[in-house]
Amino acid sequence: MGDVAAFEEMKAELLKSGEARKLMAKLGKDLTINVKAGGPNNFNPNTNTINIDPSRGVRFSREGVVYGYAPPVEALAHEMAHAASYRENPYTWESRGTQMNVSGWNAEEEEAVEVENRIGAELGWTYRPGYIGGVGIATTSATSTEFTNEMLNEWMPKYGEAMELVSAMENWKSLAAMLPFEQETTWLLEEKIENAYWKKIGELTR
């Protein structure tokens, strides 16, 4: 078990979500959950064990764009989704792990992210747009996205406005790609849009 207090804190948070309660009901009683600061976040099907670091949240980002921040408990929900999927059908679980989509994510991870987002919608977590990568950042508790880094805490209130810019940039880049321009013109237009976006992000994060 490891850090019992952190585990109880995360469990209490998850029990506030109907989706999380349904997920937890699918887990076998023989599942082991190790909670250890500085440890990994993963599910080991060979030992039927979930390992969770309760001291670090995650900053989700892809190609330089930050999409959001997750509390440590969100990682527990994600790994629980894997454990429930494996318990339901180990063979399907294994095959989904080799099925890759156009973004390079396998089907098992995509399904776990969907479960994570359903729970997050009830608990107020940031929406995670696919199995994008993340960087671990120390948080003040196992259920918080308040970081021990003061600069990040100062930036978080501006997050909503920044996300609107992310959406606007993606929409405009998609439109630019569909316009009847020469390829070089399309690339130049996309570059101008992206440069304007990063300039605005710089203004927001000063």
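The values are calculated or read from the model by the stated rules, or taken from the named source; none is laboratory data. Model, not experiment: these values are computed from the prediction.
Output the residue which, of all residues in region 1-35 that are of a type in the set (G, A, S) and not in a helix (DSSP H, G or I), is nearest to G124 (Cα to Cα).
Once the filter is applied, the top-ranked residue is S17.
Among the residues of region 107-117, the one identified as small (G, A, S) and modelled with pLDDT under 90 is A107. Only one of G136, G68, G120, G104 is part of a strand (DSSP E or B) and either under 21 Å from E9 (Cα atoms) or at pLDDT below 75 (or both). Can you tell me which? Of the residues listed, the single one that is part of a strand (DSSP E or B) and either under 21 Å from E9 (Cα atoms) or at pLDDT below 75 (or both) is G136.
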